[in-house]
Structure formats: C-alpha cells, structure tokens
Amino acid sequence: MKVDFKNLFFISVRTCVALIFIYASIDKIVNPAEFSEVIYNYHLVPEFANNFFSLWLPWLEFVCGIFLLFGIWELASVSLVTALMFLFISAMCANMVRGIDISCGCFTTHDTVIKSVFSYLIRDILILILVSVIWFISFKKKIIIYKGKTSHEKTFQRAK
C-alpha cells in the first residue's frame, strides 16, 4: 500500500489550523462581554461596534475551523481564515506602531500574562504560513479538478 505523504501532510496542517481556530473561538463565544473589552482595548473599531464584533467574530472562527476540519467548502473557508489572519496581524501591527502592549485576546479573554505584541505577531505570522500552505494546496486542487473540462461540465460539477 502506497502512502500519499503530500495528502497526509495537507490533512495534518489543515487539521492543526482547524483545531487552532476552534480552540481560539471557544472562550470568546462563552465570554462575549470580556471579548468586547479586548476589542475595545485595540481602539480600532468604533465603540458601538465592539459588541457586534465580539458576537460574530468568534462564531466565524468556529465555523471556519469546523469547515476546515471536515474539508467543507475548503477553499472558501481557508480564504476566510487567511483574511482573518491578515486582520489579526494588521490589528497587532497597529498596536505595535502605536506602542500599545495589550493582551491579544487570541485564545482567551482572560490573559493573565501579557506578552509583548511582537511575540503575538510572530505566532500569528507562523499560523499565517500554515494557512497559506493550505490555501495554495486547496487552490491547486481546485484548478486540477476543473482543468480540461468545458464550462458546461464545470457548471454541472459545481451544482452537484
């Protein structure tokens, strides 16, 4: 029996990122008021929007994580995760430039040890690298699926 190491690697990385996003969302889903405080501390969204973001952002992370875990709408979910990672990295860069050193709120709303924004930034860049691997492989798989088919066959395949 031949083992497909490329596919095994892809599934392992996708599972790892999925579990990171699911784990990161749980405390924020359970404690939306505390997560709203974390969002407020970033000073990047209007105060009236904090509650809105604290309610939908963790659920978006959770759903994307579940979709990645099970390979549902793979390219769409990894594209959303990529966008979220760029959003998180941009928010941390903005705080780093402004000299604001706060708990990032990435995995818990109750960070007792505040690391430097730079350490959070490095961690998120490493996660973004993993997400990029998933995105490129998913995109490549999508191109291979559609390669050589007529537009009618592509439409029929999408409808399935």
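Every number in this text was worked out from the coordinates using simple rules, so none of it is lab data. Treat the numbers as computed from the prediction; the structure is a model and nothing was measured. So basically every Cβ, Gly included, is an ideal-geometry build from the backbone, and we count neighbours across all protein chains shown.
Scanning segment 44-66 for residues that are assigned to a helix (DSSP H, G or I) and farther than 21 Å from Val131 by Cβ gives Glu47, Phe48, Ala49, Asn50, Asn51, Phe52, Ser54, Leu55. Filtered by the rule that a residue be assigned to a helix (DSSP H, G or I) and more than 20 Å from the chain's Cα centre (by Cα), segment 93-102 gives Met96, Val97, Arg98.
Looking at Phe67, Phe62, Phe52, can you tell me which residue is buried (at least 19 other Cβ atoms within 10 Å of the Cβ) and among the aromatic types (Phe, Trp, Tyr)?
On inspection, the qualifying residue turns out to be Phe67.
Without any contact (Cβ under 8 Å) to a residue 24 or more places away in the chain and under 14 Å from Asp124 (Cα atoms): does that describe Ser77? Taking the combined requirement at face value, the residue does not satisfy it.
Residues in segment 21-43 that are within 17 Å of the chain's Cα centre (by Cα) and either among the hydroxyl-bearing types (Ser, Thr, Tyr) or not in a helix (DSSP H, G or I) (or both) were compared, and the one that is surrounded by the fewest Cβ atoms within 10 Å (Cβ to Cβ) is Tyr23. Residues in segment 67-92 that are part of a helix (DSSP H, G or I) and small (Gly, Ala, Ser): Ala76, Ser77, Ser79, Ala83, Ser90, Ala91. For segment 1-43, a residue qualifies if it is more than 14 Å from Leu130 (Cβ to Cβ) and of a type in the set (Val, Ile, Thr), and the qualifying residues are Val3, Ile22, Ile26, Ile29, Val30, Val38, Ile39.
Out of all the residues in segment 1-20, which are part of a helix (DSSP H, G or I) and either more than 17 Å from Cys64 (Cα to Cα) or not hydrophobic (A, V, I, L, M, F, W, C) (or both)?
Phe5, Lys6, Asn7, Leu8, Phe9, Ser12, Arg14, Thr15
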